[in-house]
Amino acid sequence: MQFSLGPVLYFWPKAQMLEFYRQAADSAVDIVYLGETVCSKRRELKLEDYLKLAHMLREAGKQVCLSGMTLLESPSELRELRKYVDNGDFMLEANDVGAIAMLYEQGLPFVAGAAINCYNQHSLRRLVGMGLLRWVMPVELSGDWLQQVLDEGIIQDIRDCFETEVFAFGHLPLAWSGRCFTARSENRAKDQCELCCIKYPQGRTVHSQDGAQVFVLNGIQTQSGYRYNLINQLPTMQGLVDVVRLSPEPEGTFAWLNRFKANQHGAAPQQLSDTDSNGYWLKLAGMATG
Amino acid sequence: MELLCPAGSMPAVKAAISQGADAIYVGLKDDTNARHFAGLNFTESQLTEVARYVHQAGRKLHVAINTFAHPAAWSRWQQAVDSAVRAGTDVLILADMAVLAYAAERYPQVELHLSVQASATNVAAIEFYRQFNIRRVVLPRVLSMQQVRALARSCDIDLEVFAFGSLCIMAEGRCYLSSYLTGQSPNTAGACSPAAFVRWQEQDGVLESRLNEVLIDRFAADETAGYPTLCKGRFRVDADTYHVLEEPTSLNTLDLLPQLYAEGISSLKIEGRQRSPAYVTQITQVWRAAIDAVMQDPAHFLVQQHWQQVLNNLAEGNQTTLGAYHRKWK
């Protein structure tokens, strides 16, 4: 079982990003995903900055993948994605099928991110045929669902051709919109957002009127109100999940990485907090804890 | 420019056809379509009847099979495609690449449209789905008019847009908010904010709506209470309580009709398979008149006030928006 750091989903200042990845280089993580996946207006780091980080991390012994934008709406966003595809060095995590079309055309292998709608064995087999090397299943699916896909007959002769990865820690990316909710929360139009999301390194929490944490606003992305945390499910993932993904948080990510590693075989289970959940993996509502 | 109307029952089919829909779209009575609601949709034999009725009137039938196949129940999606074709559908509206591949290989003669649930928002994504010989793409409601225009001018495939109805503000097919709260999403269960999880409770003159126990909204006595679709609730960010994601409102593109026509948009889709035959009657009347007017004389097209009145009355919360088509909405 390997551990990965997903792309930073929030908009952090450049100095914070560089410091985070300096720590990542020194950490026990195996795989690091780099790139802006939420909003093309966020340009604290450009592709060349990510590539510098990628080389630094690779020299530190990490496997590095670039991660592309999820909601692609304009020709300029496609041009930027094309640069990621053509980087010539690092594998790309596709978060929109448009990226898969570009990668396939170039004959390049790829990771299919959780926002790619691959729900079953037939879709998975097709993507493997197009170059998929690693499949991050949609966040709303359960361990049973994953098991069922992998047990299907048509997967058996290709099971060695790809890895499985599961989003296992952090606020779940649940939706992408044409509208920017962080700008809206400050009464700004998206066109005049002034990149106000940089003030919220962990997004803005949305509460119900009776005080429950429902969602987190992260620009055009809506995340789960609770932090997803599958640390106690790691022992049941053996043989099923090849890579366990932790989504970067501003504080404590590397401490959690160490806790995850320590509990791979169940030696160090953790008490979940009131604002943690693990429902999706257990076939419950995502916000539930089982 | 085609007028494509929704129908969840035989009376709705008849209403749409009699008021001048060029085509209607329907679903089967199971979780293979994104309006999997009780009392709605058609069995295969009912669908055969629908097809006969629609074809006698010289119109077209589209069948939506636009949820994502479950691994251990793949045959249900296969059978849905088989049933729709046997019943005589003209078009299949599909989202799952596995279902698209099956239909393209098994029934090459049947026209395939890419469902909005496939979430194709750009030229490269459309390119990806071309491997399934799709003839048309239904565009997600996250694009601005400018972006729709750019797409129309850069791809040689038919485009269909949503013209009126319930407004999804998230990129369709990639929204898991409903399963986060209830365990069921449009992708996996064919429903958003499913009715089985809704609970209403009145206390001290305040009406509360809950979805799987999560408080979606509170209504004072003088407020109209709307269905607790989770993205249209009133929530709190710091000290502000407001419609954090979106107000209860419907999409209405009447004002954009000349622009959509000028860009060669093939079809205007009206949302609402879950709505009544009366809704279908009124909505089809208005849009038939509007499309006829724009086709007759696009340069002098004017939105009639009574059209807007009818549409406002049919709209969620009696208000409408241009949604993402208009940059200011974003």
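The values are calculated or read from the model by the stated rules, or taken from the named source; none is laboratory data. This one's a predicted model, so the numbers in the text were calculated from it and none came from an experiment. All Cβ positions, glycine included, derive from the backbone under ideal geometry; neighbour counts span all protein chains shown.
In table form, for the structure just shown:
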| item | result |
| --- | --- |
| Restricting the stretch A:178-194 to residues that are surrounded by fewer than 24 Cβ atoms within 10 Å (Cβ to Cβ) and touching a Cys at 6+ places or on another chain (Cβ under 6 Å), the residue that is farthest from A:Glu249 (Cα to Cα) | A:Lys190 |
| Complete set of residues in the stretch A:127-151 that are under 17 Å from B:His70 (Cα atoms), free of Cβ contacts under 8 Å to residues at least 60 places away in the same chain and of a type outside the set (A, V, I, L, M, F, W, C) | A:Pro138, A:Gln148, A:Asp151 |
| Helices (runs of 4 or more DSSP H) (entirely within the stretch A:90-177) containing at least 2 residues that are surrounded by fewer than 24 Cβ atoms within 10 Å (Cβ to Cβ) and more than 12 Å from chain B (Cβ to nearest Cβ) | none |
| Residue in the stretch B:66-102 that is surrounded by the fewest Cβ atoms within 10 Å (Cβ to Cβ), counting only those that are part of a helix (DSSP H, G or I), touching a residue at least 24 places away in the same chain (Cβ under 8 Å) and of a type in the set (Gly, Ala, Ser) | B:Ala101 |
| Test result for A:Leu71, within 10 Å of another protein chain (Cβ to nearest Cβ), assigned to a loop (DSSP other than H, G, I, E, B) and under 21 Å from B:Val142 (Cβ atoms) | yes |
| Every residue from the stretch B:119-176 that is of a type outside the set (Gly, Ala, Ser) and part of a strand (DSSP E or B) | B:Arg136, B:Val137, B:Val138, B:Asp158, B:Leu159, B:Glu160, B:Val161, B:Phe162, B:Phe164, B:Met170 |
| Condition check for A:Gln221: within 15 Å of the chain's Cα centre (by Cα) and more than 7 Å from every other protein chain (Cβ to nearest Cβ) | yes |
| Filter pass, B:Ala38 being under 21 Å from B:Phe68 (Cα atoms) and either part of a loop (DSSP other than H, G, I, E, B) or at pLDDT below 95 (or both) | yes |
| Total residues in the stretch B:208-230, condition within 8 Å of chain A (Cβ to nearest Cβ) and not basic (Lys, Arg) | 5 |
| Search result, residues across the stretch A:64-88 that are in contact (Cβ under 8 Å) with a residue 40 or more places away in the chain and over 25 Å from B:Val148 (Cα atoms) | A:Cys65, A:Ser67, A:Asn87 |
| Residues located in the stretch B:7-32, provided they are in contact with a Ser or Thr (Cβ under 8 Å, 6 or more places away or on another chain) and closer than 12 Å to B:Gln274 by Cα | B:Ala12 |
| Residue pairs meeting the criteria (Cβ under 6 Å; at least 6 apart or on separate chains; first within 23 Å of A:Asp151 (Cα to Cα), in the stretch A:98-122; second basic (Lys, Arg)) | A:Val111/A:Arg134; A:Ala115/B:Arg174 |
| Long-range neighbours under 8 Å by Cβ, at least six apart or interchain, first residue closer than 18 Å to A:Cys197 by Cα and part of a loop (DSSP other than H, G, I, E, B) within the stretch A:1-28, second of a type in the set (Asp, Glu) and modelled with pLDDT of 95 or more | A:Pro7/A:Glu36; A:Pro7/A:Glu93; A:Phe11/A:Glu44; A:Trp12/A:Glu44; A:Pro13/A:Glu44 |
| Subset tally (residues that are part of a strand (DSSP E or B), out of contact with any strand residue (DSSP E or B) (no Cβ under 7 Å at 6 or more places or on another chain) and over 14 Å from A:Asp210 (Cβ atoms)) for the stretch B:188-230 | 1 |
| Residue in the stretch B:246-269 that is surrounded by fewer than 18 Cβ atoms within 10 Å (Cβ to Cβ) and within 14 Å of another protein chain (Cβ to nearest Cβ) present | yes |
